[in-house]
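The values are calculated or read from the model by the stated rules, or taken from the named source; none is laboratory data. Fair warning: this is a prediction, and the values are worked out from it, not measured in the lab. All Cβ positions, glycine included, derive from the backbone under ideal geometry; neighbour counts span all protein chains shown. We work out accessible area using only protein heavy atoms, side chains counted, and drop any ligands, DNA or RNA first. Shrake-Rupley method; radii C 1.70, N 1.55, O 1.52, S 1.80 Å.
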Amino acid sequence: MTAQLVFEIIDGNEFGTFAIGESSGVIKTATLVDRELKEKTLLKIRIKSDAELISAICLAEVMISDVNDMEPKISNDEIITVKEDAPIKEIIALVNAVDGDKGENSRIKYRLVDDVNGYFSVNEETGAIYLQKPLKESQSKLFHLTVVAEDSGSPSLASNFTFRLEVEDVNDHTPLFDLEKYDLSIDENSKVNSKIFWLRATDEDSGENGRIEYKITAGDNNTFGIFPDGHLFLKMAVDRE
């Protein structure tokens with residue numbers, strides 16, 4: 001009578017992922033496998049004869065082939081800040097995306113959902129976002145850039161991410177008065193600290209860069225003063241004579 005061989009996994013199968021045919025020696029999956037959790041498993045298998053008390057040990061290395069089942073994920077901060085005088089072709093952000101798959105399934109390409117009037121572009125391979133046109137040409141101080149990260153699997157998987165791009169003002173405008181010269185007159189019985197005229201100026205910058213403060217730099221600043229909002233006032237009584 002021919003002796004029968006008995007196969008048994010004795011080590012390397014801690015999670016019960018694999019099973020082996022007791023008489024056939026065929027290794028099968030016993031549960032779902034996930035390459036991203038464990039790509040390689042080394043099984044220790046004992047083969048023994050049911051007729052004699054002899055056995056042998058062998059090792060079986062099981063490699064899990066990748067399937068494109070993970071989409072790229074972008075992990076950047078949402079907000080990008082760019083100065084309004086940033087030079088053309090400057091890299092303003094680098095898209096950081098990862099894909100848990102392997103090989104071509106993890107190779108990522110990038111694209112913009114729209115070109116935002118041609119102000120920005122993204123490098124397909126590196127994910128670098130470039131400035132294409134001077135931001136001073138735009139009236140907008142806020143852009144929303146949606147970047148798509150797509151892997152090279154078949155079929156491919158993709159995800160998108162929207163950046164909030166804020167244009168930061170640069171202090172490049174000089175405050176300008178409404179007029180270059182003012183001719184004023186007041187009554188000699190005007191009260192001390194009374195406002196006598198409002199000097200107004202504008203600045204096309206924004207935020208702190210556009211906030212204007214007024215001061216008298218020359219002239220009779222003993223008699224006259226100016227409030228921070230541009231109102232001239234009388235500091236002392238005047239006498240026309």
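At-a-glance table
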quantity	calculated
Exposure rank, largest accessible area first [His144, His173, His231; 1.4 Å]	His144, His173, His231
³J(HN,Hα), Karplus 6.51/-1.76/1.60, whole Hz, each residue of segment 17-23, x for Gly, Pro	5, 10, 9, 10, x, 4, 9
Heavy atoms of Glu104: accessible area, 1.4 Å probe, square angstrom to 10	100
Extension reserve of the Ser49-Ile186 stretch, reckoned as 0.36 nm per residue once the Cα distance is removed	37.2 nm
Partners for Lys181 among lysines (Cα-Cα distance below 26 Å; same-chain residues under 8 apart left out)	Lys191, Lys195, Lys215, Lys235
Heavy-atom accessible surface of the chain: percent carbon and sulfur, 1.4 Å	50
Anchor Lys28: lysines whose Cα lies under 30 Å away (excluding residues fewer than 8 positions away in-chain)	Lys38, Lys40, Lys44, Lys48, Lys102
Sum of side-chain charges, Ile212 neighbourhood, beta-carbon under 13 Å (Lys, Arg +1; Asp, Glu -1)	-4
Percent of alpha-carbon pairs separated by more than 26 Å within the chain	68
Accessible area expressed per residue, the chain, with surrounding protein chains retained (probe 1.4 Å, Å²)	67
Derived scalar couplings ³J(HN,Hα) [segment 89-96; Karplus, 6.51 cos²θ - 1.76 cosθ + 1.60; whole Hz; x for Gly, Pro]	6, 6, 7, 9, 6, 10, 5, 10
Accessible-area ranking of Lys89, Lys44, largest first, probe 1.4 Å	Lys89, Lys44
